[in-house]
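Read through the structure below, which is laid out as structure tokens, and then see the notes.
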Amino acid sequence: MKAQARARGRNCGGRGGQALVETALVLPLVLLLLFGIVSYGLYINAVATIQQAVRVGSRTAAIGDTLGCPGDSAATEVAQGHHATVYGAVDDQINHDKPWLNTRSGSQARPVISYAAILGTSTNPQQNYVIITVAYRYHPLIAIPALMPNPIEIAQTYQMMVQTPQPSNGTTSTMPTGSPYDETAQWTQPMPPTTHVTYLTQPGGC
């Protein structure tokens, strides 16, 4: 009987050690898969947020509000009795997803609008269109080679019919560079228009 008990003890100890080894081998893979799923979910949410931001920015430009500057806040502007700017609307929408998305790097505002333009040659400005591209450099929780590099640029373009024309000093016929546009971003698809177009600019500069 004692010999049988010792044999059972050795078997239990062997099975326990085997389970620990299997757990040590499998657990990292399970955690990696779990974090990968979470990271990809956050990326999909970031894409949806940028899509909504460019829609909101297009709507703001379509009703005649000016481009604004990086770091603007539509909520602050409206609270102070001013019109929201395109940048204020876009930045507020993106910053709703803090800490995953943020248009500021420390105390410095990060420009995210690649271009914003008015398209059309109609004598009735309300038959023209506003087109905006927002490009955001996203850093995933876990980079996935060939799927989600670090960083990855999320770029979205949206077009909307003009409801109220921009002020006369709120557009320029030449393609602008520098702030409040994103000098560091590549021009994204679709490429910025070059004919029958005026680009939004902030009166007085930034």
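Laboratory data are not the source of any read-out in this text; all were calculated from the coordinates shown. As the structure is a prediction and not an experimental result, all values here were calculated from the model. Note that we place each Cβ from the backbone using ideal geometry, even for glycine, and neighbour counts take in every protein chain shown.
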Under 8 Å between Cβ atoms, at least 6 apart or on separate chains: pull out the pairs that start in the stretch 69-81 with a residue that is farther than 16 Å from VAL134 by Cβ and end on any residue that is surrounded by fewer than 18 Cβ atoms within 10 Å (Cβ to Cβ). GLU77/HIS83
The stretch 60-114 - residue that is in contact with a strand residue (DSSP E or B) (Cβ under 6 Å, 6 or more places away or on another chain) and more than 22 Å from ARG137 (Cβ to Cβ) and, of those, surrounded by the fewest Cβ atoms within 10 Å (Cβ to Cβ): ALA62
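Scanning the stretch 115-125 for residues that are more than 29 Å from the chain's Cα centre (by Cα) and of a type outside the set (Ser, Thr, Tyr), which turns out farthest from THR157 (Cα to Cα)?
Going through the qualifying residues, I end up with ASN124.
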Residue that is more than 21 Å from GLY205 (Cα to Cα) and either of a type in the set (A, V, I, L, M, F, W, C) or more than 18 Å from the chain's Cα centre (by Cα) (or both), where the choices are LEU42, LEU67: LEU42
